[in-house]
């Protein structure tokens, strides 16, 4: 007996080796997106895209995401002006994650005003417990001035 779910989904070989974009959205309709600086290779941020955000990113050449907290689509830089121009997009082997290489306008991707959202390293304190150490934490802009927070 055949599996109806398997019949309704594309063949594994087509997903992994084919040339058709078939994003595998999660139960919430999202795929993870990793954005890196095309020039330096730095990981700038990790966010989520729904189908519309993915399509707008492909069509416009600028990064669009889906905010889980605000439950809405947003264009990166719509408030700050720090737009991400997409230079290359890739999808992983099973098409459940997207990697975009971007030119980050203004030099800051993080809403805290930093170049990258990954500005804290996990170290161990004297007691052996994990502690966060700021690295590459210089702010490129003041979030209060940009977002009015």
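Bear in mind these aren't lab numbers, they're just calculated from the coordinates by the rules spelled out. What you see is a predicted model, and the numbers here were worked out from it, not measured in a lab. A quick note on method: Cβ atoms are made from the backbone with ideal geometry, for glycine too, and the neighbour counts reach across all protein chains shown.
Key figures for this structure:
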{"read-out": "Cα Rg, Dmax, the chain, angstrom units", "value": "18.2, 63"}
{"read-out": "Shape call, the range 64-116: gyration tensor on alpha carbons, a/c limit 1.5", "value": "oblate"}
{"read-out": "Value of relative contact order over the chain, rounded to a whole percent, pairs C-alpha under 8 Å and six or more apart", "value": "19 percent"}
{"read-out": "Most fluctuating residue given options 107, 61, 18, as computed from a GNM of the chain linking Cα atoms under 10 Å", "value": "18"}
{"read-out": "Likely footprinting exposure, 37, 96, fewest C-beta neighbours within 10 Å first", "value": "96, 37"}
{"read-out": "GNM result for the chain, Cα springs below 10 Å: residue of 85, 68, 56 fluctuating most strongly", "value": "68"}
{"read-out": "Cα pair distances exceeding 19 angstrom across the range 36-88, given as percent", "value": "23 percent"}
{"read-out": "Top of 101, 76, 24 by mean-square fluctuation, Gaussian network on the chain, Cα under 10 Å", "value": "24"}
{"read-out": "Global geometry of the range 80-148, whether rounded, prolate or oblate, following the gyration tensor of its Cα atoms and the 1.5 cut on a/c", "value": "oblate"}
